[in-house]
Amino acid sequence: MRDVIQKMLKAEAEAKRIVAEAETEAERIRTETRRQAQQLLDQSRAEARAEADRIAGEASRRSEDERQAAIAHAAETIEAGLRMDEQLRTRAVEGIVRCVCGST
């Protein structure tokens with residue numbers, strides 16, 4: 001009977017050791033899994049940030065191109081409106097001279 005009790009105590013101690021080892025291993029696995037998940041999250045955020053920066057840069061370049069095109073178009077329109085033929089130029093000069101000299 002004593003042998004049976006000692007074997008049971010040894011078996012119980014072995015079972016406790018196995019459970020403790022399993023708990024330790026489970027905690028190690030959980031810790032490693034959390035670390036890997038955090039790495040994936042950080043990597044995903046960095047990739048998303050880089051993609052957003054790329055898209056914003058591209059949009060900014062397109063916007064600047066459109067702005068420059070609008071400015072060029074406006075300049076062309078203004079220049080076209082400012083072109084004077086000889087008769088118009090003569091009348092403008094005569095008007096300016098009258099205005100400056102004070103005659104009507």
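Read-outs throughout are calculated quantities, based only on the coordinates presented, and are distinct from any laboratory measurement. Computed from a predicted structure; not experimentally measured. Don't worry about glycine lacking a Cβ; one is built from the backbone with ideal geometry, like all the others, and counts go over all protein chains shown.
Below are the figures for this structure:
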{"item": "Inter-label distance, nm, simple model (7 Å from Cα along the C-beta direction), ASP42/LEU88", "result": "6.8 nm"}
{"item": "Cα centroid of the range 1-35 to Cα centroid of the range 53-78, whole Å", "result": "70 Å"}
{"item": "Given charges at beta-carbon only (K, R positive; D, E negative), |dipole| of the chain in Debye", "result": "440 debye"}
{"item": "Separation of the GLU32 and ALA56 label points, Cα + 7 Å toward Cβ, nm", "result": "3.8 nm"}
{"item": "Positive-pole candidate from GLN87, CYS99, ALA74, dipole of the chain, charges at beta carbon", "result": "ALA74"}
{"item": "Volume per residue that the Cα convex hull of the range 9-52 spans, once the total is divided by residue count, Å³", "result": "26 Å³"}
{"item": "Label assignment, mean projected area of the Cα convex hull in nm² derived from the structure, set [x] 13.1; [y] 7.2; [z] 8.0", "result": "[x]"}
